[in-house]
Amino acid sequence: MIQLNSQNVFSKRQVKAVGLISGGLDSTVATRIIRDLGVEVHGVYFAMPWGCCDKGKAQTAADTLGIPLVVLQLDERYLKIVEKPKHGYGSALNPCVDCRIHMFSRAAQYMESLGADFVFTGEVLGQRQMSQMRHSLRWVEEGSGLQGRLVRPLCAQLLDPTIPEQQGLIDRDKLLNISGRSRQEQIKLAESFEIHDYPNPAGGCLLTDKNFARRMKDTLKHGYRNFRETVALKWGRHFRIDENFKVTLGRDAEENSALKSYAHPDDHIMEIPDKIGPTLVLKGYNPSEEILATCAGLIQYFSKHKNIMTPISVEYWLVKDKNNLRSIQARILSDAAVQKVSI
Ligand code: SF4
C-alpha cells in the first residue's frame, strides 16, 4: 500500500513559469524540459512587425506541448528602442540586447500577474554573437528586472543557479549545459521528445535585413506619424524624393492593396486608371506639380508603359478625400533618376 506523505501532498504548491515561445527548436525543447519537471507553463509569444518567428508556428508548438499561449504585440514603445538602443545594433538595425530586455520585462510583468515563479527561454550560451554571450545574457537579466528569476534550461548548468533552482522548485540536475551555435544536441533532444515539426532556426527578423534597415533608418530620420507607417515599410519599393516627400510603390496586387490600407489619411494615392501597374503612396503635405509628376513617372517606370516614351496619365487622390479624383501627366524618368531617389 502506498503511504501518502501529507506534508508533501498538501504543502507542495504548483510551480508556475512563463516561457517565451517562438515556435522554433530551442524554445520548444526548453518548454518540454520545464514542463516535464512538473511546472505549469504559460507561453508568451511576442508579435512584432519585424519578428524572428511566426505566430502560427508558436501556436502549433504550444498546442503540441499542451500549454496556453498569449500573444503580446510590440508597439510604439518598441520603436523607441529601435531608434536608440542602449546596447547598440547587430549586423543591421537589430537592437537584439535591448529588444530582449524589452520583451523579457513584459514577460516579467506577465509572470507577476499570474503569480508565477520564473520566466524561462530557449537561449543557449554563445549561440548568437550579440545577444547570447555571457555578458549579454546578464545584461538582459538585469535590464528586464528578472534577476535570479530568468531560467535558461538549455544552458542553465553553465550559468549561476537561479532562485527557483536554489529553492528547489526545479531540479538543476535536470537542466542542461549546451553552448555554441551547433543545434545537434537540441535536435537529438527533439527526436527523443518525438517533436518533429519545428521551423528552421534561420532568422526572419526584418531588422537584420540591410534593405529593410535602410528604409527604417530613413523613416526614423524623417519622422513618422503612427506605428502603422513603420509596419508598411515591409512592402514595396521605396523612394525619397526630397526631405519632405517619400514614396512607396507596390510590387504586386497584394502589396498594392496592403499599402493602400496602411496609408495615412494625409497621404496621396496614385494609380494608372486601368489599375494595371503599381499603386503609389506619397507621404508629405501639399505636393507640388513637379513632385506629383515625378511620382507619376515612377509609376510609369515600374509599369508596362516603361519603354513608351509618351508620358502616361495617372490618377491621384488624398486618402481622406477620395472622391476628389485628379490626374497628372507622368514625367519620364531615366534609370539614373530612379536610382538617385531609391532608398
Ligand atoms: S533578431 Fe534581435 S531585434 Fe530581431 S526580434 Fe530577434 S532579438 Fe529582437
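The values are calculated or read from the model by the stated rules, or taken from the named source; none is laboratory data. Bear in mind the structure is a predicted one, so any value in this text is a computation, not a measurement. For neighbour counting, all protein chains shown are included, and Cβ atoms are generated from backbone atoms with ideal geometry for every residue, glycine included. What goes into the accessible areas is simple: the full protein's heavy atoms, side chains included, and nothing from ligands, DNA or RNA. Shrake-Rupley method; radii C 1.70, N 1.55, O 1.52, S 1.80 Å.
Among the residues making up region 179-200, those that are open to solvent by less than 60 Å² (accessible area, probe 1.4 Å) and outside any helix (DSSP H, G or I) are Gly180, Arg183, Phe193, Ile195, Pro199. Against the conditions (1) open to solvent by 30 Å² or more (accessible area, probe 1.4 Å); (2) of a type in the set (A, V, I, L, M, F, W, C); (3) farther than 30 Å from Arg215 by Cβ, Trp139 satisfies every one except (3).
Given the criteria more than 28 Å from the chain's Cα centre (by Cα) and buried (at least 20 other Cβ atoms within 10 Å of the Cβ), does Ile272 qualify? Steps first, please.
Numbers: more than 28 Å from the chain's Cα centre (by Cα): yes; buried (at least 20 other Cβ atoms within 10 Å of the Cβ): yes.
Here the answer is yes, as Ile272 does meet what is asked.
Taking the criterion of being more than 16 Å from the ligand (Cβ to nearest atom), in a strand (DSSP E or B) and open to solvent by 10 Å² or more (accessible area, probe 1.4 Å), the residues of region 10-40 that qualify are Lys16, Glu40.
Across region 70-103, the number of residues qualifying as in contact with an Asp or Glu (Cβ under 8 Å, 6 or more places away or on another chain) and more than 18 Å from Gly143 (Cα to Cα) comes to 1. Evaluation of Gln157 against the conditions (1) in the same structural domain as Ala58 (by TED's automatic domain parsing); (2) within 16 Å of the ligand (Cβ to nearest atom) shows that the sole unmet condition is (2).
Out of the residues in region 142-156 that are part of a helix (DSSP H, G or I) and either touching a Lys or Arg at 6+ places or on another chain (Cβ under 8 Å) or touching a residue at least 12 places away in the same chain (Cβ under 8 Å) (or both), which is most open to solvent (accessible area, probe 1.4 Å)? Restricting to residues being part of a helix (DSSP H, G or I) and either touching a Lys or Arg at 6+ places or on another chain (Cβ under 8 Å) or touching a residue at least 12 places away in the same chain (Cβ under 8 Å) (or both), the top hit is Gly143.
Table: residues versus (1) free of Cβ contacts under 8 Å to residues at least 60 places away in the same chain; (2) among the aliphatic types (A, V, I, L, M); (3) open to solvent by less than 30 Å² (accessible area, probe 1.4 Å); (4) more than 16 Å from the ligand (Cβ to nearest atom).
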site	(1), (2), (3), (4)
Thr162	yes, no, yes, yes
Gln167	yes, no, no, yes
Asp173	yes, no, no, yes
Leu176	no, yes, no, yes
Gly204	no, no, no, no
Phe212	no, no, yes, no
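Within region 185-201, being under 11 Å from Asp26 (Cα atoms) and under 26 Å from the mean Cα position of the chain (by Cα) holds for Gln186, Ile187, Ala190, Tyr198, Pro199, Asn200, Pro201.
Among the residues of region 186-202, those identified as touching a residue at least 24 places away in the same chain (Cβ under 8 Å) and away from the ligand (no atom under 16 Å from the Cβ) are Gln186, Ile187, Leu189, Ala190, Phe193, Ile195, Asp197, Tyr198.
Are there helices (runs of 4 or more DSSP H) fully within region 50-132 with at least 3 residues that are more than 14 Å from the ligand (Cβ to nearest atom) and open to solvent by less than 70 Å² (accessible area, probe 1.4 Å)? List them. It would help to see each step written out before you state the result.
Numbers: elements: 55-65, 76-83, 96-114.
The helices (runs of 4 or more DSSP H) meeting that bar are 55-65, 96-114.
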